[in-house]
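Report on the following structure.
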């Protein structure tokens, strides 16, 4: 049976989004606060960074996450003369993110089931690698993949297809797990099975294609995916 | 001579972005504040609305602005039991926006030069029409166009091409005027001449293709466009 929205299949591999899904952005917000940026700057900056990256992608263009993030951050620092210094400091915090409490268990569940996990981010693979190593999670992830590999940002289809190709599984046997509805939507449009953890967004915006599996955290979502036929 | 980034031609028609370019979103923010939403909610919500709309567009999907905006707003109102009421109230404020101080003069400049102006928004044409009428500006605009007309959001090429087709001018004789860098980038990629007013964003993010004409306000931008060969 082919996977359909009504009949998603048990995935043969799982790709995890990185920022906010595996690792919280708290340390980035702390740097912003320490530099005197107002409360709410992290959420606004991250939303605008994705807005700008998606606009580039939608119009057929590609720039790496760090460039888009830095250019967007400058727009929040207009009146300052230490923009470069603050930008380097804030962006440097991406190497110091902390994993969410549900990550190790979710990855271990997959390892126990013999199902390979990869990461798939619009950010840099080297950052994902470093974070996983630092937190003793690297052995639970087969490979760190990025939009950079194909020079196209999620949620266009190419990065999801790249992950399926790398893992040598059909798209409908690869699951994308994320806390962002836009990522779920893009993965679904690319033919993947999808699992959305609600711990960031709370409710799934009904303008996006719904996830196949929903749960409050990554462990519940992985259990739901493993329970598929 | 064909228009190139080095040699943009004097436009035969001008399309204006609407939200934040012609009309400030202040009344929307006031409604949010009156409903007890925290400071910064307007900027965060608008950035996330565009992020979500662009994600839909990038993955080949279309939903009208109001649906995307309402679904995104719900994500900021999770703990409340009056979500629908607040959402209707906040979105209703889009019919009550005020024009920026430079709008009437900029439109009059074009009328005096015999160059037709249209509006081109990801929002609804009826909202643009109503706002222009309410503020005595409707006669200065030939037509109100929208992403809805082609069911594709800016910054994909189709809406810009739709505006050129409607005005019966080649893309490189149509100018797009906006305060958003992402809109300038999309228009440029679609072959239009572009004019960016810096009054919202301050500096133009270098990840986007630069505008042909830049100025602090719409009047200066229009003067710059009219001064092209």
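The numbers here are math on the coordinates, done by the rules we state, and not lab data. Predicted, not measured: the structure shown is a model, and the values here were computed from it. Please note: Cβ atoms are built from the backbone with ideal geometry, for glycine as well, and neighbour counts cover all protein chains shown.
The figures follow:
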quantity	calculated
Residue B:98/residue A:138 FRET efficiency (R0 45 Å; Cβ-Cβ; nearest 0.05)	0.25
10 Å Cβ neighbours from other chains, averaged over peptide A:197-208	5
Long-range tail of P(r) for the range B:26-96 (Cα pairs > 16 Å, %)	45
Calculated label separations, residue A:227, copies of the chain, 7 Å along the beta-carbon direction, nm	6.7
Kirkwood hydrodynamic radius of chain B, Cα pairs, Å	17.8
For the range A:110-153, convex hull volume per residue from C-alpha positions, Å³	63
Inter-copy spacing of residue B:133 label points, which lie 7 Å from Cα along Cα→Cβ, given in nm from shortest upward	6.5
For residue A:111, label point 7 Å along C-beta direction: distances to other copies, nm	7.1
Helix axis angle, B:103-112 relative to chain B longest principal axis, alpha carbon, degrees	30
Angstrom value of the Kirkwood radius, inverse mean 1/r, which spans all Cα pairs in the range A:97-227	14.8
Shielding by partners - mean other protein chain Cβ count within 10 Å, residues of B:34-45	2
Cα extents of the range A:175-229 along the three principal axes, largest first (Å)	26, 24, 13
Per-residue mean of C-beta atoms belonging to partner chains within 10 Å, peptide A:12-20	0
Peptides A:189-197, A:93-101 ordered by average Cβ neighbours within 10 Å, highest first	A:189-197, A:93-101
On Cα atoms only, tilt of B:65-74 relative to the major axis of chain B in degrees	40
Separation of alpha-carbon centers, the range B:120-174 and the range A:75-110, rounded to whole Å	39
0 to 90° range, to nearest 10: angle between helix A:41-58 axis and chain A longest Cα axis	60
For the range B:123-195, the fraction of alpha-carbon pairs in successive 5 Å shells from zero, as %	3, 17, 24, 26, 20, 9, 1
Order by protection proxy (mean Cβ within 10 Å, highest first), peptides A:214-220, B:50-56, B:66-72	B:50-56, B:66-72, A:214-220
Length-normalised contact order of the range B:26-96 in % [C-alpha pairs under 8 Å, at least 6 apart]	40
Computed lengthening from residue B:82 to residue B:229, 0.36 nm per intervening residue step minus Cα-Cα distance	47.4 nm
20 Å binning of all Cα-Cα separations within the protein assembly as shown, expressed as whole percents from 0 upward	25, 54, 20, 1
Helix-only CD estimate at 222 nm, as mean residue ellipticity for chain A, using -39500 (n - 2.57) per DSSP H run (n ≥ 4)	-13000 deg cm²/dmol
Relative contact order, percent, chain A [alpha-carbon distance under 8 Å, six or more residues apart]	26
Viscosity 0.692 mPa s, 37 °C: Kirkwood-radius Stokes-Einstein D of the range B:70-149 over Cα pairs, µm²/s	227
Within the protein assembly as shown, percent of DSSP bridges classed antiparallel, to nearest 5	10
